[in-house]
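Engineer: Got a structure here, written out as structure tokens. Questions coming.
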2 protein chains.
Amino acid sequence: MRIGELSERTGASRRLLRYYEEQGLIVSSRCANGYRSYDEATVDRVAQVRGLLDAGLPTRIIRQILPCLDKPRAIHFPDATPEMLATLEEERDRMTARIRCLTRNRDAISEYLEAVRAGARADAASAPGGGGG
Amino acid sequence: MRIGELSERTGASRRLLRYYEEQGLIVSSRCANGYRSYDEATVDRVAQVRGLLDAGLPTRIIRQILPCLDKPRAIHFPDATPEMLATLEEERDRMTARIRCLTRNRDAISEYLEAVRAGARADAASAPGGGGG
DNA sequence: TCGGACCCTCACATCGGTGTGAGGGTCAAC
DNA sequence: GTTGACCCTCACACCGATGTGAGGGTCCGA
């Protein structure tokens with residue numbers, strides 16, 4: 001597919017898709033006329049990239065971790081230098097920290113929302129038609 | 001405590017602490033001489049803010065969700081307009097999505113690391129002193 | 001052969017989080 | 001009364017993710 005369709009299917013602007021490619025996050029082949037051509041899997045790839053970007057990872061890191069998510073069954077060990085592995089472990093730990101932080105705060109929001117709803121119900125029951133102070 | 005100590009204890013630069021204050025994420029009182037003065041709880045608050053920032057939330061959103069995390073037991077219902085609640089629900093869902101994305105990818109990284117380690121062990125066992133292809 | 005929808009490559013603009021420095025005050029210690 | 005560590009308020013600089021627009025090609029259908 002060409003960039004327009006990919007853009008529509010992923011919600012990412014064309015500009016952004018070119019940027020991702022420039023950053024090495026997605027790849028494209030070129031048609032004879034120079035147009036970019038993407039295969040089906042790129043749709044998922046873009047979603048993944050955008051998810052990670054939205055979760056606070058910079059493109060530099062995403063570029064590093066993507067290759068090892070791609071081919072979960074066909075891992076190329078020569079790719080994995082010791083520094084690379086160290087980076088991955090570090091990044092995994094950072095992600096775990098992020099997950100914990102997000103989870104804690106999300107749960108607090110949920111609690112708050114429930115409390116507000118419970119309070120609103122109590123309010124309605126104890127003073128129907130009136131306001132609580 | 002003054003800004004220098006807070007900076008040291010949180011790892012956030014003074015500049016950043018002033019920025020957070022400007023963004024309404026932390027508060028300070030002022031000494032007679034104009035110096036900012038923070039109470040103990042601000043240390044945790046800064047950590048929370050930085051965690052959320054690192055997880056991809058913009059200050060605008062953090063400012064909105066912080067008040068409802070602060071006082072989990074002393075909720076002020078008048079604060080909560082319906083739009084506010086809607087925003088919170090939205091944000092909670094976005095956080096859930098982030099958590100899922102991070103978890104999925106982190107687990108994939110973990111799997112990769114384990115596979116590499118297993119491969120390395122197998123390599124070492126089958127061809128000690130040699131290289132695997 | 002034209003128009004319009006699509007694509008290309010620059011390249012500059014914007015926005016948010018952060019660094020850095022100028023110019024200047026406060027205060028404790030010598 | 002000077003020095004040095006701390007604080008203040010600007011204000012500009014930077015970087016990364018993204019928008020926008022200029023200038024120009026390709027291709028399809030009227």
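Engineer: What is the Cα coordinate range of the protein assembly as shown on the first, second and third principal axes, sorted by size from largest, in whole angstrom?
Structural biologist: 74, 45, 36
Engineer: Work out, in µm²/s and without decimals, the Stokes-Einstein translational diffusion coefficient of segment A:1-114 at 10 °C, 1.306 mPa s, Rh from Kirkwood over C-alpha pairs.
Structural biologist: 98 µm²/s
Engineer: If I take every Cα pair under 8 Å that is 6 or more residues apart in chain A, average their sequence separation and divide by the length, what percent do I get for the relative contact order?
Structural biologist: Reported relative contact order: 16 percent.
Engineer: I'd like to check one number: the per residue accessible area of the protein assembly as shown, probe 1.4 Å, reported in Å² as a whole number.
Structural biologist: 58 Å²
Engineer: Here is a follow-up. Between B:A125 and A:T96, what is the label-to-label distance in nm when each label sits 7 Å out along the Cα-to-Cβ direction?
Structural biologist: Rounded to a tenth, the inter-label distance reads 2.6 nm.
Engineer: In debye, nearest 20, what is the charge dipole magnitude of chain A about its Cα centre with +1 on Lys and Arg Cβ and -1 on Asp and Glu Cβ, if you could check?
Structural biologist: 320 debye
Engineer: Suppose you put the label 7 Å out from Cα in the Cβ direction; list, shortest first and in nm with one decimal, how far A:A124 is from each other copy's label.
Structural biologist: Between copies, matching label points for A:A124 lie 6.4 nm apart.
Engineer: Right, another one. Taking R0 as 51 Å, what FRET efficiency do you get between A:D70 and B:E40 from their Cβ-Cβ distance, rounded to the nearest 0.05?
Structural biologist: 0.60
Engineer: In addition: Report, largest value first, the span of the C-alpha coordinates of segment B:81-126 along each principal axis, in whole Å.
Structural biologist: For segment B:81-126, the Cα extents along the three principal axes come out at 66, 7, 5 Å.
Engineer: Using the membrane-span-like helix rule (whole DSSP H runs, Cα extent along the own axis of at least 15 Å, mean Kyte-Doolittle hydropathy at least -1.0), which helices of chain B qualify?
Structural biologist: B:41-54, B:82-126
Engineer: With chain A rotated onto chain B, spot the residue of A whose Cβ lies nearest the axis and note the distance in whole Å.
Structural biologist: Residue with the nearest Cβ, plus whole-Å distance, for chain A: A:G56, 2.
Engineer: In deg cm²/dmol, rounded to 500, what helix-only [θ] at 222 nm does chain A give when every DSSP H run of at least 4 residues adds -39500 (n - 2.57) and the total is split over its residues?
Structural biologist: -21500 deg cm²/dmol
Engineer: State, to one decimal in nm, how far the label point of A:A115 lies from the label point of B:S13, with both points 7 Å from Cα in the Cβ direction.
Structural biologist: A separation of 3.6 nm, rounded to one decimal place.
Engineer: Let me ask something else. Could you compute the FRET efficiency for B:T59 and A:Q23, with r as their C-beta to C-beta distance and R0 at 25 Å, rounded to 0.05?
Structural biologist: 0.50
Engineer: Can I ask one more? Looking only at B:G11, B:G51, B:G119, which one moves most when chain B is put into a Gaussian network model with springs between Cα atoms under 10 Å?
Structural biologist: In the Gaussian network model the winner is B:G119.
The values are calculated or read from the model by the stated rules, or taken from the named source; none is laboratory data. Because the structure is predicted, anything quoted here is derived from the model rather than measured. Ideal geometry is used to build each Cβ from the backbone, glycine not excepted, and the neighbour counts take in all protein chains shown. Heavy atoms of the whole protein, side chains included, go into the accessibility calculation; ligands, DNA and RNA do not. Shrake-Rupley method; radii C 1.70, N 1.55, O 1.52, S 1.80 Å.
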